[in-house]
Every structure is written in C-alpha cells, then in structure tokens.
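The values are calculated or read from the model by the stated rules, or taken from the named source; none is laboratory data. Keep in mind that what you see is a predicted model, and the values were worked out from it rather than measured. As a convention, Cβ positions derive from the backbone with ideal geometry for all residues, glycine included, and neighbour counts pool all protein chains shown. Accessible surface is based on the protein model in full, side chains and every heavy atom, while ligands, DNA and RNA are left aside. Shrake-Rupley method; radii C 1.70, N 1.55, O 1.52, S 1.80 Å.
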Amino acid sequence: MSKSSAPRRHLPTSPFAAPVVPVAKEFSLGDRVSHDQYGLGTIVGVEEGIAMLVDFGARQVRVLSPYTRMDRL
C-alpha cells in the first residue's frame, strides 16, 4: 500500500487549525544570503519558483523552494 501524493483536505468543522503553507521567499541573481547549514553565500543561478544555485565559497549548493532556511542579507 502506498501513500497518495495529494495532501489531506482540511474540513471547516475540524477543531484543529488548518496547516500553514510556507510562502516562498524572493531572491535574485547576485543577492548575498545566509543559510542555516552552509553559512554565507551568493546566488549565482536562478530556477524561478524551483531552486536557487548558491555559491558558498568551498562549494555550490542547489537550495530548493520555499527557502525556509535561507535569508537575504
């Protein structure tokens, strides 16, 4: 038995709060960023709405949307 890929529906009569979908942050080419795991870096590639390619000096990492662990400096 496998899980379905569709998210579960929230019923209006439910006593539990509806799940919050994180909003994707906006970044552009050349922005300086700070990442919780990798540290300071510069955005060197953009895949609109999908991922950002970030140069952290020692390596380049493809960070996927919604970029919850990354902030613009």
* Please state, rounded to one decimal and in Å, the Kirkwood hydrodynamic radius that the stretch 31-72 gives when every pair of distinct Cα atoms enters the mean of 1/r. => 10.0
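Tell me, what are the semi-axes, in whole angstrom and largest first, of the equivalent ellipsoid of the chain as set by the roots of 5 times the Cα gyration tensor eigenvalues?
Details: eigenvalues 209, 40, 25 Å².
Ellipsoid half-lengths, sorted descending, are 32, 14, 11 Å.
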* Quick one: pull the percent of accessible area on the chain belonging to carbon and sulfur, 1.4 Å probe, ligands and nucleic acids left out. => 55
* Hey, got the dipole for the stretch 9-55? About the Cα centre, +1 on K and R Cβ, -1 on D and E Cβ, debye to the nearest 20? -> 260
* To do: Within the stretch 19-48, which residues have the backbone N less than 15 Å from the label spot 7 Å out from Arg62 along Cα→beta-carbon, could you tell me?
  => 44-48
* To do: Order the peptides 20-33, 52-65 from the highest to the lowest mean number of other Cβ atoms within 10 Å of their residues.
  => 52-65, 20-33
